[in-house]
Amino acid sequence: MYKKGLLLLLVIFVSFFLFGCEIVYPNNTTTQGEVAITTIASDLDLWKNSDEAFDYNGDRKIDQEDYDIYLLQNDYEFWKTSDEALDYDNNHIIDELDFEKYKLHTNYNYWKLSEEAIDLNGDAFIDETDHEIYNNYDFWINSDEAEDLNDDSTIDVSDYEVYIEYVEFVGTYYLTNYTYDGAESHSFGENVLFSDMGDYLSQITVSVNGRGEFTVTIPDNIKTIFGDSHLIMIEAANNMTISRLSPFIVAIDTNVIMDGIEYNLTIYLDETEAGYSASYIMGFYYDEPEITFDIVKAE
Ligand SMILES: [Ca+2]
Ligand SMILES: [Ca+2]
Ligand SMILES: [Ca+2]
Ligand SMILES: [Ca+2]
């Protein structure tokens, strides 16, 4: 019983970090600002039914916003009248050469087929990471954000790779809106009923740094209530790795050793338009109690 409770606690605990993370889209799917809509519906419909139709901004709908991005990246005249039409090469005129630069930086597939596409991080692949480096490395290396994230005493492109991998997760998180639907008797250890767990968990914060490392802060009163179990939470935090699997799914892996047995845990969570929430059904109890909760990023 105790171990089940501890595992559940870990599940909730690991889930902490998945919420409140801002979605970072690849550059070619970023909404490109406010753009005057000059197309008529029938053009949109034609495009929607063509092979070119694609969910550019990653919101799981194909609509006018995607069509505008498509036009920005493919139609010079449309781009020229938009807010995106800037003098990217600083020669004091805005022309097709600027449009070319715009396309190289905003459209990964266009860049990939161009002569600009080279293996910038030396991993033998030419992929989105190289495009990200192509777009933003020079800016980053000259900014205050640039630091030696892999501890090899130099600041270079390999640090930038660490930066782009974890920057979206950096922050401090806490749990809120915990609900429990199940038998009142289920408890964690001697003292903590599952139905009361939200009160305790909401007092714990977790931080993620630019190296993707986790730190948990547990108030003394919670340490007392949880007893030695709080050490397991600290161990789990120390072993956590976070990675984005898609624009909508993030995974956290961790492992802990309890009674000499190693438990590996991976949590996958979806991100929703409204924010972040989760539900979890504890299948290892006969009545399959369910918990739900939200995680928010502290400002
Ligand atoms: Ca879309
Ligand atoms: Ca120009
Ligand atoms: Ca590469
Ligand atoms: Ca370094």
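Report, ordered by chain and residue number, the aspartates and glutamates lying within cross-link reach of K112, taken as a straight Cα distance under 12 Å and ignoring same-chain residues fewer than 8 apart. Hits, sequence-local ones excluded: D127, E128, D130, E132.
Sorting 191-202, 42-53, 210-221 by their mean Cβ neighbour count within 10 Å, with the most densely packed peptide first, gives 191-202, 210-221, 42-53. With a cut-off of 15 Å, note down the residues of the range 222-242 whose backbone N falls inside the zone around a label point 7 Å from the Cα of E184 toward its beta carbon. Zone members listed by number: none at all. The phi torsions of the range 163-168, fed into the Karplus equation with coefficients 6.51, -1.76 and 1.60 and a -60° offset, translate into couplings of 4, 6, 6, 10, 4, 5 Hz, rounded to whole numbers, with Gly and Pro shown as x. Cross-link check: pairs K48/K103; K48/K101; K80/K101 evaluated at a Cα-Cα cut-off of 24 Å; pairs beyond the cut-off: K48/K101.
The charge dipole of the range 29-135, taken about its Cα centre with unit charges on the Cβ of Lys, Arg, Asp and Glu (plus for the first two, minus for the last two), comes to roughly 180 debye. The 3J(HN,Hα) values that the Karplus relation (6.51, -1.76, 1.60; θ = phi - 60°) gives for the range 62-69 are, in residue order, 10, 8, 3, 4, 5, 5, 5, 5 Hz. Gly and Pro appear as x.
Shape call for the range 29-135 from the C-alpha gyration tensor, a ≥ b ≥ c root eigenvalues: rounded (a/c under 1.5), prolate (a/b greater than b/c) or oblate? Oblate is the answer for the range 29-135, as a/c is 1.5 or above yet b/c matches or exceeds a/b.
Under the classification rounded if a/c is under 1.5, otherwise prolate if a/b is larger than b/c and oblate if not, where does the range 183-299 fall, given a ≥ b ≥ c as square roots of the Cα gyration tensor eigenvalues? Rounded is the answer for the range 183-299, as its axis ratio a/c remains below 1.5. When K61, K223, K103 are compared by accessible area at a 1.4 angstrom probe, the order from most to least is K61, K223, K103.
Amide H to amide H distances under 5 Å link L193 with F188, where only residues 5 or more positions off or on other chains count and H is placed in the peptide plane.
Modelled this way, with points 7 Å down the Cα-to-C-beta line, the labels at E288 and I118 are 5.8 nm from one another. Ranking of R60, R244 by solvent-accessible surface, largest first: R60, R244 (1.4 Å probe, protein heavy atoms only, all chains present).
The values are calculated or read from the model by the stated rules, or taken from the named source; none is laboratory data. Computed from a prediction, not measured in an experiment: that's the story for all the values here. Cβ sites come from the backbone with ideal geometry, for glycine too, and all protein chains shown count toward neighbours. Accessible surface areas use protein heavy atoms only, side chains included; no ligands, DNA or RNA. Shrake-Rupley method; radii C 1.70, N 1.55, O 1.52, S 1.80 Å.
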